[in-house]
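Trainee: Below you'll find the structure I mean.
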Amino acid sequence: MYYGSIITVLSSDKNKLTGIAEKLGKLHETAKTKIYYRKKGEYIRSILLTTEYPEKIIDLAEALSLSSTAILYIPETLTWMDGELALLIDSLNTHNKIVISNLDQGKINNILGSLSSFTKFDLYNDIPDLSETEEEDKGIVYVDRVFTVKGVGTVVTGFSFTNVEVHEKLVALPYNKEVEIKSIQVLDEDQKSVSTGVRIGFALKNVKEEEIEDLLYLVKPNVKVVKEIEGQITNYKWTTINQGQNHIIVKGHGIAANIKVDNQKAKIMSSVPIPIVDNRILVLNVNVRQGKPRVAGYISL
């Protein structure tokens, strides 16, 4: 059964992005988020990168929220973009942090020292060999595409964050509709089951594309799903979280939501049901002027 890990590469230098990704895997998908793969036995490493940063930040935040490892390239001459990328990693509290830079440890510590989650990270001059890791079981499958294949029916693609078997029944969000997995493909090969951290294609039974065209997730029945969330808010001093409409990032998807702030408490009100699978929700304010961080802060659940 295939299992895997997901890595996002971040850099203000687009050439560095591609160079690092090519050392880690082979380009396989070229949509708005490029995906590189490296397969070893039943282990699959997926490397994600987006090339529209800094013009767009939501796509990059969505990719990073899927990843247990962030690789951040820090150049010798810093810009506001490098600070924003570090804030992005910090806000999601990405588990494994790798910094690639020619700067020495002391300078890197000065740059990142004010960010609480960067108390532990690995620093290298070049990308090292990475050990095999496996994504945590969150009870969900992130979905990025829904389409129809002639002779097969409705197909979805995304990443698994739980073990799934053929004929298993999951709940489709935001529709709250039960669907059955008719077949599973990984790298164009049919599988009876799949584990966490793997790019998947599922054929679904007895459901039409138009019934689930805005599908976000497939979740197991025991996953908590809500439209309103309350938590402790952390606001970065360099920017602000507006009362009202903001963007939150939840496991691969940017969702427009209203946020009400009362001292250090915040309440999120979403128009779509949200699976509660992580202990932080990133808040973006994409309307600030260029040069100001769009990473406003995060809400701890």
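Trainee: When only residues in the stretch 210-221 that are in contact (Cβ under 8 Å) with a residue 24 or more places away in the chain and open to solvent by 60 Å² or more (accessible area, probe 1.4 Å) count, which is nearest to Met1 (Cα to Cα)?
Mentor: Initial filter on the stretch 210-221 (in contact (Cβ under 8 Å) with a residue 24 or more places away in the chain): 211-221.
Imposing the further condition that a residue be open to solvent by 60 Å² or more (accessible area, probe 1.4 Å) reduces the set to 211, 213-214, 221.
Details: Glu211: 30, Glu213: 29, Asp214: 29, Pro221: 22 Å.
Selected residue: Pro221.
Trainee: How about the stretch 170-206: which of its residues are free of Cβ contacts under 8 Å to residues at least 40 places away in the same chain and outside any loop (DSSP other than H, G, I, E, B)?
Mentor: Across the stretch 170-206, the qualifying residues are Lys177, Glu178, Val179, Glu180, Ile181, Lys182, Ser183, Ile184, Gln185, Glu189, Asp190.
Trainee: Could you tell me how many of the residues in the stretch 74-91 are within 21 Å of Gly4 (Cβ to Cβ) and open to solvent by 10 Å² or more (accessible area, probe 1.4 Å)?
Mentor: Start the filter on the stretch 74-91 by keeping residues that are within 21 Å of Gly4 (Cβ to Cβ), which leaves 89.
Filter once more, so that each one left must be open to solvent by 10 Å² or more (accessible area, probe 1.4 Å): none.
Count: 0.
Trainee: Another question, if that's okay. Give the residues of the stretch 278-298 that are assigned to a loop (DSSP other than H, G, I, E, B), more than 15 Å from the chain's Cα centre (by Cα) and of a type outside the set (Lys, Arg), sorted by residue number.
Mentor: Matches in the stretch 278-298: Asn285, Val286, Asn287, Val288, Gln290, Gly291, Pro293.
Trainee: Only one residue in Ser46, Ser12 is closer than 13 Å to Gly197 by Cα and either open to solvent by 70 Å² or more (accessible area, probe 1.4 Å) or small (Gly, Ala, Ser) (or both), so which one is that?
Mentor: Working: Ser12 fails: closer than 13 Å to Gly197 by Cα.
None of the others qualify; the one that does is Ser46.
Trainee: Answer yes or no: is there a residue in the stretch 169-177 that is closer than 17 Å to Val149 by Cα, outside the structural domain of Ile249 (by the TED database) and surrounded by 19 or more Cβ atoms within 10 Å (Cβ to Cβ).
Mentor: The first filter runs over the stretch 169-177 and keeps only residues closer than 17 Å to Val149 by Cα, leaving none.
Scanning the stretch 169-177 turns up no residue that is closer than 17 Å to Val149 by Cα, outside the structural domain of Ile249 (by the TED database) and surrounded by 19 or more Cβ atoms within 10 Å (Cβ to Cβ).
Trainee: Kindly indicate the residue of the stretch 49-73 that is within 14 Å of Ala86 (Cα to Cα) and not hydroxyl-bearing (Ser, Thr, Tyr) and also most open to solvent (accessible area, probe 1.4 Å) among those meeting that condition.
Mentor: Pro54
Trainee: Have a look at Ile268, Ile274 and point out the one that is open to solvent by less than 20 Å² (accessible area, probe 1.4 Å), outside the structural domain of Glu62 (by the TED database), part of a strand (DSSP E or B) and under 22 Å from Ser160 (Cβ atoms).
Mentor: Answer to the check: Ile274.
Trainee: Considering only residues that are surrounded by 17 or more Cβ atoms within 10 Å (Cβ to Cβ) and not in a strand (DSSP E or B), which ones fall in the stretch 242-265?
Mentor: Lys251, Gly252
Trainee: Here's something else I'd like to know. Assess whether Gly201 counts as being outside the structural domain of Leu27 (by the TED database), at pLDDT 95 or above and small (Gly, Ala, Ser).
Mentor: yes
Trainee: Among the residues of the stretch 222-241, are any in a strand (DSSP E or B), open to solvent by 20 Å² or more (accessible area, probe 1.4 Å) and within 28 Å of His28 (Cα to Cα)?
Mentor: Within the stretch 222-241, not a single residue is in a strand (DSSP E or B), open to solvent by 20 Å² or more (accessible area, probe 1.4 Å) and within 28 Å of His28 (Cα to Cα).
Trainee: Being within 24 Å of Ser116 (Cα to Cα), crowded, with 16+ Cβ neighbours inside 10 Å, modelled with pLDDT of 95 or more and touching a His at 6+ places or on another chain (Cβ under 6 Å), is that true of even one residue in the stretch 93-100?
Mentor: No; the residues of the stretch 93-100 include none that is within 24 Å of Ser116 (Cα to Cα), crowded, with 16+ Cβ neighbours inside 10 Å, modelled with pLDDT of 95 or more and touching a His at 6+ places or on another chain (Cβ under 6 Å).
Trainee: Right, next: Which condition does Lys260 not pass, out of (1) farther than 20 Å from Ala61 by Cβ; (2) under 18 Å from the mean Cα position of the chain (by Cα); (3) not acidic (Asp, Glu), if it passes all the others?
Mentor: (2)
Trainee: Here's a follow-up. Which members of the stretch 145-168 meet the condition of being within 25 Å of Ile7 (Cβ to Cβ) and either loosely packed, with under 13 Cβ neighbours inside 10 Å or outside the structural domain of Glu210 (by the TED database) (or both)? Step through it out loud before you land on a result.
Mentor: Going through the stretch 145-168, the residues within 25 Å of Ile7 (Cβ to Cβ) turn out to be 145, 156-164.
If the condition is that a residue be within 25 Å of Ile7 (Cβ to Cβ) and either loosely packed, with under 13 Cβ neighbours inside 10 Å or outside the structural domain of Glu210 (by the TED database) (or both), then Arg145 is the only one that fits.
Trainee: A further question on this structure: Scan the stretch 136-153 and report the pairs whose first residue is more than 10 Å from Glu209 (Cα to Cα) and whose second residue is charged (D, E, K, R) and open to solvent by 30 Å² or more (accessible area, probe 1.4 Å), with Cβ atoms within less than 7 Å and a gap of 6+ or a chain change.
Mentor: If the second residue must be charged (D, E, K, R) and open to solvent by 30 Å² or more (accessible area, probe 1.4 Å), the pairs left are Gly139/Lys220.
The values are calculated or read from the model by the stated rules, or taken from the named source; none is laboratory data. Bear in mind the structure is a predicted one, so any value in this text is a computation, not a measurement. Cβ: placed from backbone, ideal geometry, glycine included. Neighbour counts: every protein chain shown. Accessible surface areas use protein heavy atoms only, side chains included; no ligands, DNA or RNA. Shrake-Rupley method; radii C 1.70, N 1.55, O 1.52, S 1.80 Å.
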